[in-house]
Amino acid sequence: MRIRHATAADVPQWAAMRAQLWPDDPPAAHAEDIVGTFLSGDPDQVAFVAEGHDGALLGFVEASIRHDYVDGCDTSPVAFGEGAFIVPGARGTGVGRALVEAVADWARAKGCTELASNALLDNTASHAFHEAVGFEETERVVFFRRML
């Protein structure tokens, strides 16, 4: 396995994985978002992929530098894990940890001292993953909305 910066050649596999993570949008919409965000040249956006020995992608992680307040953090700017996905057959093999470490190294080079992320309240697998790779839970929140 090799961890590297994501490239345009990765978009089809990357978008397909994103569609598994966020199924409300089709792969084509994810591909547009990838190109417009993570491959746009914005220095505050980064994506890494884990590539298997056969060239197939095993997972990805997307991160950004957030300059506004980040819940649970004390500093600014903060590196923020925007999304990550590991193919089921590669889970529990160190792929996720390696991707998080790539983001952590990138964030340190950007001058950040905190890396934040979030997960839905019922996503206990994500909670366990975050804890396993060194994150600590800082707070829980429920969002509300009222239609007008």
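The values are calculated or read from the model by the stated rules, or taken from the named source; none is laboratory data. Keep in mind it's a predicted model, so treat the numbers as computed, not measured. Please note: Cβ atoms are built from the backbone with ideal geometry, for glycine as well, and neighbour counts cover all protein chains shown. Accessible surface areas use protein heavy atoms only, side chains included; no ligands, DNA or RNA. Shrake-Rupley method; radii C 1.70, N 1.55, O 1.52, S 1.80 Å.
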On a full-extension model of 0.36 nm per residue, what is the gain between Asp122 and Ala9, subtracting their alpha-carbon distance, rounded to one decimal in nm? 37.3 nm
Evaluate the charge dipole of the stretch 17-116 about its Cα centre and quote only its size in Debye, nearest 20, assuming +1 on the Cβ of each Lys and Arg and -1 on the Cβ of each Asp and Glu. 320
Let's test the formula: R0 of 25 Å, r as the Cβ-Cβ distance of Glu139 and Thr93. What FRET efficiency results, to the nearest 0.05? 0.25
Of all beta bridges DSSP finds with both residues in the chain, what is the antiparallel percent, to the nearest 5? 90
Counting alpha carbon pairs within less than 8 Å and at least 6 residues apart, what relative contact order, in whole percent, applies to the chain? 19
Quick one: order Arg146, Arg140 from most to least accessible surface, probe 1.4 Å. Arg146, Arg140
Tell me, in nm to one decimal, what length is gained between Leu21 and Tyr69 on full extension, where the rule is 0.36 nm per residue of separation less the Cα-Cα distance? 14.7 nm
Of the listed values (i) 16.1; (ii) 15.4; (iii) 17.6, identify the label whose number matches Kirkwood radius over Cα pairs in Å calculated from this model. (i)
Dipole of the chain, positive end: most advanced residue of Gly96, Leu148, Asn118 [Cβ charges, Cα centre]: Gly96
If the chain between Arg146 and Ala109 were fully stretched, how many nm would it gain, using 0.36 nm times the residue separation less the Cα-Cα distance? 9.2 nm
Lys and Arg at +1, Asp and Glu at -1: neighbours of Phe48 with Cβ under 11 Å from its Cβ sum to -3
Please name whichever of Thr75, Leu58, Ala47 sits farthest to the positive end of the charge dipole of the chain, dipole taken about the Cα centre and charges placed at Cβ: Lys and Arg +1, Asp and Glu -1. Leu58
Electrostatic dipole magnitude of the stretch 70-115 [Cβ: Lys, Arg +1; Asp, Glu -1; Cα centre; debye, to 20]: 220
Please return the longest stretch of the chain lacking exposed loop sites, where GluC sites (Glu not before Pro) count only if DSSP places them in a loop and at most 12 other Cβ atoms lie within 10 Å. 1-135
